[in-house]
Amino acid sequence: MPTPEALNAIRQEIFYCTDEFLAIMNEKNYKHYFGSEFFTLKKLQRVPKGYPADWEHADLLKYKDYTTSYTMPDKFIGSDKLFNEVLKVWQASVPLNRFVQRAMEDLR
């Protein structure tokens, strides 16, 4: 769960770099492993203060965290293909991780 400052920085990056963020989420491998929603326990009912409620992608700003999740199929567990599959999942997550890290760069 990001701090309020980090969450605001991520939301701001999404708002100002929407095309880039959507390209990450719509990339074939990302969608295959993570789908189009974030794995989250908490999501706001309304758009956060300071952002237009009528913005086309306002739902992207309602998340309180931007966590991905992937359930590895049983067929990979204990198989020779496990390492390669884990590597593929990790590679699919890299663009989102870089985007989030860049958003929080000024907080360090």
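Every read-out reported here was derived from the displayed coordinates using simple, explicitly stated rules and does not represent laboratory data. None of these values were measured; they are calculated from a predicted model. No Cβ is skipped: glycine too gets one built from the backbone with ideal geometry, and neighbour counts run over all protein chains shown.
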| Structure-based [θ]222 nm, the chain - -39500 (n - 2.57) summed over DSSP H runs of at least 4, per residue, nearest 500 | -15000 deg cm²/dmol
| field | Cross-link partners of K75 among lysines (Cα-Cα below 20 Å; sequence separation of 8 or more within a chain) | value | K88
| Which whole-Hz ³J(HN,Hα) couplings does segment 29-45 yield from phi under the Karplus relation 6.51 cos²θ - 1.76 cosθ + 1.60, θ = phi - 60°, glycine and proline marked x? | 5, 4, 4, 4, 8, 10, x, 10, 10, 8, 7, 8, 9, 9, 9, 5, 7
| Gain in span if fully extended, H57 to L22, counting 0.36 nm per residue against the direct Cα distance | 11.7 nm
| field | Global geometry of segment 4-107, whether rounded, prolate or oblate, following the gyration tensor of its Cα atoms and the 1.5 cut on a/c | value | prolate
| remark: For E56, E5, E27, E13, ascending order of other Cβ atoms within 10 Å (fewest first) is E56, E5, E27, E13
| task | Could you work out the relative contact order of segment 1-79, using alpha carbon pairs under 8 angstrom and six or more residues apart, expressed as a whole percent? | result | 34
| request: Work out from phi, with θ = phi - 60° and the Karplus expression 6.51 cos²θ - 1.76 cosθ + 1.60, the ³J(HN,Hα) of each residue of segment 62-70, listed in order in whole Hz, and give x for Gly and Pro. | output: 7, 5, 9, 7, 10, 9, 9, 8, 9
| task | Using θ = phi - 60° and the Karplus relation 6.51 cos²θ - 1.76 cosθ + 1.60, list the HN-Hα couplings for segment 71-86 in order, rounded to whole Hz, with x at every Gly or Pro. | result | 9, 5, x, 3, 4, 8, 5, x, 9, 5, 8, 4, 4, 5, 5, 4
